[in-house]
Structures are given as structure tokens and as C-alpha cells.
Amino acid sequence: MKAIRDPDCLLAQGLDAIRAQFRVPAGFPPQVEAAAAQAARKPLSDHADRTAMPFVTLDPASATDLDQAFALEPAGGDWLLHYAIADIDWFVADGDPVDQEAWARGETLYLPDGKAALYPRALSESAASLLPDGPRSAVVFTSRIDANGKAVLERVERAVIRSRAKLGYEAVRPEELPAGFGEVARRLAEADNARGATRVDPPEQEVERDSSGHFTLRLRPMAWAERHNAALSLATNLAVADALHRAGTGLFRVMERPSREAEGRLRHTAEAFGLAWPQEASLAQFERLLDPADPRAAAFMLAVRRAGNGASYVPYQPGVIPWHAAMAATYCHMTAPLRRLADRYVIRAALAVANGQEVPGSAASAFQRLGPVMDRAQARSGQVERAVVDLAEAAILTGREGEQFEAVVTDQGESGARFQLCELPVVARTTAHRVQPGDRIRVRLESADPTRREVRFARQA
């Protein structure tokens, strides 16, 4: 949920209530701001000079907390992907006020009308951000991408870079991007398919008020440049995860496949949207047939994300292969250190491993403590997102009380049946019993209350 257009401020109170309920920070304590301002003045030293490399960033046009920049270089039949990551670790010392606050937060929290950042703006949107207005400290990961899309980490170094351009997903033209961008993305996509990855890139939900005064839901699929850029990030994460696991260290993301029951509910959801899911096709195979530009497919992709078991963080364990089912690979997070605390330590370990050095004890110790910290932060982020979705769904349905909707039952529990509306990507419950998953029913909207973030339906005969 990225944007709510609310000219009459009807939802502002609801968003404020969400912030209060989940204790979303409104800013930073003065001592943290002061420490960040001082850290931002730290001079760059012991850095390789890579300012001649043609790095560019590719993000939402309005973004100023830029974690990543990239450059591509042909190498025979392969490509070298140089992925520069914002070097927040250069500025933040273990145990200082900025570090302590980051451990308390875990990750940046996003709401439709703003965010609660992990680090103060003096760092996250200035000194540590890879903006194109001067030299920046970065950790540059160089991976070799072969003809089959396999990414192998070759080099990691702390360097000074200078971004050539701040490109935006929404308006970037192919000719503005480095040569090979499309070819590398194609190779990486083929590698995803060969592994059997089940990657879900659901559209962003946007709620806006139409000319009749009603709130409507819009689904914005990822732009082509956004998908390609995500592939570069994923390739770097996979290459680093492999290198760390071979070295016997690291912090990994693990996730199980959706349960058989969850996949069964998704089949009913697909039916609700009129999507033909062949009985013999797996979820991964079916997803590759979907067009995110189709609103029905887009809504289904959102349902897949909600149906997942959720990913968690685990440190390296001897004899255990950490597995992320959606990626069909061993996987870690390290490309968004301005927004996720754990990435900072994964980068610290990767920098040591790639240069034949011992992993700092601070990173090894952090890996043992970060799992619960990040899981709590992720849980709160999910709660905030769910609350915002509930608020948006209630806003969308406001004024439509008394209307009837077609729906498909997705599962049955003690509190009644959960169903998916066929017309809108809204999931709700009714007290109806004696129904089975897959049954098509009609429901009547009894109430929609954005203040309470609640909607109530009754089944119609």
C-alpha cells in the first residue's frame, strides 16, 4: 500500500490510529539525530577509487534513500554485475546512539502517507545514500553472470563511487540504462524458471477517491524496469548467500512452501477471479502464466502473498542448508541496508569472506541475535500493512452498504466462512456455516467502518 489519495482527510484519523496502536515512531530522539549529524561528516578513507565506473541508480522517482547502484561490464560470453550497496556501516559504530536506535527499530516502517525510517535522514537520505551529487562510500559486489543466469560472487570491496544518474522506474527509457541491462535480466529470469522459483511480485495497492465521492482501489503492477532491477538485486543476494554458506557463516532467509491447505484456498481464489488454473499445474507454473497488468491476476498475486507461510531469519548452522522455497535457493538479504538492520551485518561478513579475512566477531555475534529482532520488526511491519489494508478495504466499501456481491468461499472455520469477493480484492468473513471451500455465495454488505477498520457481511439466500 503505497498511496492513499484522501483530499477530505477522511482516512487521516485512521492512519494516526494505526501509528498509535503499533507505536510507529514519529521521529528520532535528539541524541540520535545529533550522533547521525556528526557521523555524516566522517571522511572517506581506505576506499578503492571506483568513481570512473558508470554506476546509475534505479528507484521510484521520488526516493532519496538509495541503497543500490549498478554498472554492467561484458566479459566474453558472461557479464560482470557491479552492484554497489550503500555503506551505512562506515558511518554507524557498534553501540553508538544511532546503532542502538536501529536495533530497537529493526527496519523501516512504511505507511501510505509516510515512513518511520531505520536511520535518521542525515544518513539515510544524505551521506550514506547513493545520490548522484557527489562521491559516496559503497561496498561494491561484483558477480559474474553466465549464459544460464548463474551468479557467482567474484569480488567485494569498499570503494568510493559516483552515480551518473538517478533513474526512476516510472519514466526511464531503455537507452538510458547500461548496455546489457535487458540481457542480464533475461538470463536471470531464465535461471529463476530453471530453479523452479515461485517469486510473487504483487502490484502496489492504491486507494483514491473518484468523482462520485467513493474510494476506489487501483492495482499498479511493477514496471518493467522495476522487475529487471529486482532481478539484479536478487542475483547479488543469491551469490552472497552461496559465498557465506560455503564459508560457514551468515544470516539467511528461509521460507516453507505454502501448505496444501493454503494452495487449495488459492485455487478457490483463482476461481473467484475467473482465472483458469489447470489442475495439473503447480502454483509456480500457474504464476508464470499470469499477466500483472490484468486486474484479476494482480488481485490473485496479492492473495498469494497473503497466503504465504512467511519468511524468517536464521543464522548459519553446520550441516543445515537454509532454504527459501519462493526463491528455490539459499538466500540472504543484504541489498537494502538503509532499510533493514540485518543487511548491515551480512555486508560486513561478506566483505571479510571475499577478501580472505576472518569474519568480525561483531558480525558473528549479531547473526545469533538478529533473528528474533528482525522477526519482531517484520511482524510489526506486517501488522501495520494489514491494518492499512483493512482501513483501505473499509474505505473502498463505504457508501455501498446494502449492496450484494458475488463471492467464493476460501476456507471454513469455527468463526464462519472466509471468502474472497469476486469484484474486488477484499477478503472477509461471514457467520455462514454449511458451506465448503470453493462454494460460490452471495453476501450483503452490512457495514463498512474505516474508523474501526471493519467490514461486516451477511450471507444472502
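The values are calculated or read from the model by the stated rules, or taken from the named source; none is laboratory data. Treat the numbers as computed from the prediction; the structure is a model and nothing was measured. Here the Cβ is made from the backbone with ideal geometry for all residues, glycine too, and neighbour counts use every protein chain on show.
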Have a look at Y331, Y345 and point out the one that is assigned by TED's automatic domain parsing to the domain that holds M222, under 30 Å from E263 (Cβ atoms) and either surrounded by fewer than 16 Cβ atoms within 10 Å (Cβ to Cβ) or of a type in the set (S, T, Y) (or both).
Y331
P295 vs. criteria over 20 Å from A328 (Cα atoms), free of Cβ contacts under 8 Å to residues at least 60 places away in the same chain and not hydroxyl-bearing (S, T, Y)
no
Being exposed (fewer than 15 other Cβ atoms within 10 Å of the Cβ), modelled with pLDDT of 90 or more, part of a loop (DSSP other than H, G, I, E, B) and out of contact with any Pro (no Cβ under 8 Å at 6 or more places or on another chain) is the filter here, so list the residues in region 3-41 that pass it.
R23, P25, A26, G27, R41
Determine which member of the set R444, R434 is surrounded by fewer than 16 Cβ atoms within 10 Å (Cβ to Cβ), outside the structural domain of D113 (by TED's automatic domain parsing), in contact with an Asp or Glu (Cβ under 9 Å, 6 or more places away or on another chain) and not small (G, A, S).
R444
Can you name the condition, by its number, that G356 falls short on among (1) without any contact (Cβ under 8 Å) to a residue 60 or more places away in the chain; (2) part of a helix (DSSP H, G or I)?
(2)
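Quick one: which helices (runs of 4 or more DSSP H) sit completely within region 187-298 and have at least 3 residues that are of a type in the set (A, V, I, L, M), touching a helix residue (DSSP H, G or I) at 6+ places or on another chain (Cβ under 7 Å) and crowded, with 17+ Cβ neighbours inside 10 Å?
On the way: elements: 224-247, 260-272, 283-287.
By residue number, 224-247, 260-272.
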Candidates R386, R400, R369, filtered to the one that is basic (K, R), in contact (Cβ under 8 Å) with a residue 24 or more places away in the chain and either surrounded by fewer than 19 Cβ atoms within 10 Å (Cβ to Cβ) or not assigned by TED's automatic domain parsing to the domain that holds A342 (or both)
R400
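For region 55-159, which fully contained strands (runs of 3 or more DSSP E) count at least 2 residues that are farther than 30 Å from C9 by Cβ, touching a residue at least 12 places away in the same chain (Cβ under 8 Å) and not aliphatic (A, V, I, L, M)? Don't jump to the end; show me each part of the working.
Working: elements: 57-59, 68-75, 78-86, 109-111, 114-116, 136-145.
Because the criterion is at least 2 residues that are farther than 30 Å from C9 by Cβ, touching a residue at least 12 places away in the same chain (Cβ under 8 Å) and not aliphatic (A, V, I, L, M), the strands (runs of 3 or more DSSP E) in region 55-159 that meet it are 68-75, 78-86, 136-145.
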